[in-house]
Amino acid sequence: MGQEITAPHLTSVATPKPQHEAADIIVEYLEQLGVEYVFGVPGGAIEPLFNALARSERRGGPRIIVARHETGAAFMADGYARNSGKLGVCCATTGPGATNLITGVASAYENHIPMLVITAQTSLTSFGRGALQESSCTGVNTVGMFEYCTRYNTLVSHRDQLEHKLSAAIMSAFQSPGGPSHISLPLDLLRSAAALSSPSYDLADLLKTDKSYDPDSVATLKDEITQARGVAFVIGEGAGSSIGTILEIALAIQAKVIVTPHGKGFVSPYHPLFCGVIGFAGHASAIQALLDPNIDTIIAVGTALTESATDGWNADLILNRRLIHVDAIAHNLTKSPMARLHVRGHLATIFDELQTRLHADNVGHWPGNNEIPDIGRPQAALLRRTSNITYEDADAINDDATPIKPARLMRDLTRLLPPNTHYLVDSGNSLSWAIHYLNPYDRRLAGRRAANGSIFWTCLEYASMGWAIGAAIGTAMAKPGTPTVCLTGDGSLLMSGQEITVAVEHGLTVIFVVLNDSALGMVKHGQRLAGAESVGFELPESDLAAMARALGAEGIVINSPEDLAALDIIKLCTRAGPTLLDIRVDRDQIPPMASRIRMLGSVQKMAKDPK
């Protein structure tokens, strides 16, 4: 008889409980702040953070959204922060992952977007030995690179530093003037056992808004308004928390209302006191309002008074002794030493107090709710031209020609799209056309609203091409169920269009409106307007709708106003996934960018003749 063969004894092995790692503490702090998404690209050194986010997602906490390029991840975090009011978070692995983030982080820095930037490093023990993708101080020093585009920047070299440095980074991102904070973490630290079982600090409580202000300055501001012949408000990007009260004051004292390009989304273009946009791609009516001899007081609110917001630092318009500058950011006030009054503090508190003082002293006529003017039904309001705004080439708005005029496209988009649509506008010609001609239907004439209540966002100052593509995805994440429109050009799409697949993957309702003119349009028209050599602007004719379909999105070619009118816009605004409208626009219509060309021309003249 042969030997009996028995099966080996099988014992059940319990699945080990996941270790509580340093990366988990980071995620737990994000959850404490209500952050839902981290935008990033994976890699070996950042893997422990992705593991922690995977564990978090299973229990309903923050989760990873994988971008196709790290710059896109930063743009997504930017759009998410602007439209949620929460911290935007992006992450990348060591070396090229970190350097790829920098453009998006620099854009957020220039626009004061609260953001936490997390990058990895190779293990501490390998520093200085030439590890793959090493970016420590002895390699390509990424922490050093982030020094110039962050509010807080550090390498975490020991796990006992993590909680304190992470807290400092997050608080710095929100503290005035706000912006990105960067922490860089070695691989071995990220996957080490956490030094504590749960967060020690309540950051949500520590980040409560400082509502302080100077009552004496507000009293002086009230006196200035009382004594003024005429007042004009210039609304900038920081005015969101106070805009409802500002508009109530404007109605009471019949002040003119003007916006910077960044402030465009806070004020209805159909407001009876609205006079247009000042600065880049702005309106002649805004300039006329500011030059009105009856306007002796200009109150600029929440603006850094940059080139794009002042018509190239035009001293005749804003930067003169008529100016009163009101801002929460002390650094912004350094841009207006010529102002006759600075008022610094929490803007909502300042204007609430100002309204109370004006009302108590019977300054102005304070209408009841039933007296606030109504701009009418959408159809009636949008079928008439906004009488207070003077456009360049106004006839182009109504031009029926094929290919479609960009100005006509801007007019028709706001007639087609729902009133709650959010617009993200890229650098390039699309930005000029949108600032000048896009007038979203917005009935908000007064009343409280959130600080992040703008429906029109740009990325001026740093002006990164492709920003709106990623930012629109972040916006759709922050505003689920709200139609989101990305206005961009074929140049930006060919640079960053791969991020559309993120919207496909997550079923996001984003409409990518691409002005396709087979050119880097702002370069092309800028060269022609400035009399420069025509060089380097050509792009190949591309079927961008076909490209979108290849990426899994809906792609539609639009040649004429009739094509645009035939769209089933309700379907596009409700479908679970993105749509790309490949708009074949008139290549020769000159965008409203004369102020920018004048500015470049003056620089060129100074270079030739410094005297």
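Worth pointing out:
- Look at segment 287-315: where a residue is farther than 19 Å from K264 by Cα and a partner is of a type in the set (S, T, Y) and at pLDDT below 95, sitting 6+ places away or on another chain with Cβ atoms under 9 Å, you get N314/S595.
- Looking across segment 226-241, the residues that are in a helix (DSSP H, G or I) and more than 32 Å from the chain's Cα centre (by Cα) come down to T226, Q227.
- Condition check for L445 on (1) at pLDDT below 90; (2) under 15 Å from the mean Cα position of the chain (by Cα): one failure, at (2).
- Test: residue in segment 188-198 that is farther than 30 Å from H359 by Cα, out of contact with any Asp or Glu (no Cβ under 9 Å at 6 or more places or on another chain) and buried (at least 17 other Cβ atoms within 10 Å of the Cβ): yes
- Hey, T93 under 22 Å from G139 (Cβ atoms), modelled with pLDDT of 95 or more and touching a strand residue (DSSP E or B) at 6+ places or on another chain (Cβ under 8 Å) or not: yes
- When Y213 is tested against (1) closer than 30 Å to D426 by Cα; (2) touching a Lys or Arg at 6+ places or on another chain (Cβ under 9 Å), only condition (1) is not met.
- Once segment 478-497 is narrowed to residues that are over 11 Å from W467 (Cβ atoms) and small (G, A, S), the residue that is modelled with the lowest pLDDT is G481.
- Residues that are assigned to a loop (DSSP other than H, G, I, E, B), in contact with a helix residue (DSSP H, G or I) (Cβ under 6 Å, 6 or more places away or on another chain) and surrounded by fewer than 21 Cβ atoms within 10 Å (Cβ to Cβ) do not occur anywhere in segment 315-329.
- Number of positions in segment 237-271 that are touching a helix residue (DSSP H, G or I) at 6+ places or on another chain (Cβ under 8 Å) and of a type outside the set (V, I, T): 17
- The condition (being in a helix (DSSP H, G or I) and surrounded by 19 or more Cβ atoms within 10 Å (Cβ to Cβ)) is satisfied by just one residue among A52, A45: A52.
- The set of residues in segment 542-558 that are in contact (Cβ under 8 Å) with a residue 12 or more places away in the chain and either assigned to a strand (DSSP E or B) or surrounded by fewer than 15 Cβ atoms within 10 Å (Cβ to Cβ) (or both) comprises D543, G552, E554, G555, I556, V557, I558.
- Residues that are free of Cβ contacts under 8 Å to residues at least 40 places away in the same chain and either under 23 Å from P269 (Cα atoms) or not hydroxyl-bearing (S, T, Y) (or both), drawn from segment 330-339: L333, K335, P337, M338, A339
- In segment 246-286, the residues that are β-branched (V, I, T) and at pLDDT 95 or above: I246, I249, I253, V257, I258, V259, T260, V277, I278
- Verdict on Y37 being closer than 17 Å to W467 by Cβ and in contact (Cβ under 8 Å) with a residue 12 or more places away in the chain: no
- Single residue of H262, H365, H271 found to be under 22 Å from L438 (Cβ atoms), in the same structural domain as K222 (by TED's automatic domain parsing) and in a loop (DSSP other than H, G, I, E, B): H271
- Residue match in segment 301-322 (condition: among the aliphatic types (A, V, I, L, M), over 28 Å from I435 (Cβ atoms) and in the same structural domain as D223 (by TED's automatic domain parsing)): no
- Of all residues in segment 330-348, those satisfying the criterion of being closer than 17 Å to T209 by Cβ and buried (at least 22 other Cβ atoms within 10 Å of the Cβ) are L347, A348.
- In segment 242-276, the residues that are within 21 Å of E353 (Cβ to Cβ), surrounded by 24 or more Cβ atoms within 10 Å (Cβ to Cβ) and not β-branched (V, I, T): S242, L247, A250, F266
- Condition check for D327: more than 24 Å from K211 (Cα to Cα) and in contact (Cβ under 8 Å) with a residue 40 or more places away in the chain: no
- Whichever residue in segment 300-314 is in a loop (DSSP other than H, G, I, E, B) and over 16 Å from the mean Cα position of the chain (by Cα) and, among such residues, is surrounded by the fewest Cβ atoms within 10 Å (Cβ to Cβ): W313
The values are calculated or read from the model by the stated rules, or taken from the named source; none is laboratory data. Please read all numbers here as calculations on a predicted model, not as lab measurements. Cβ sites come from the backbone with ideal geometry, for glycine too, and all protein chains shown count toward neighbours.
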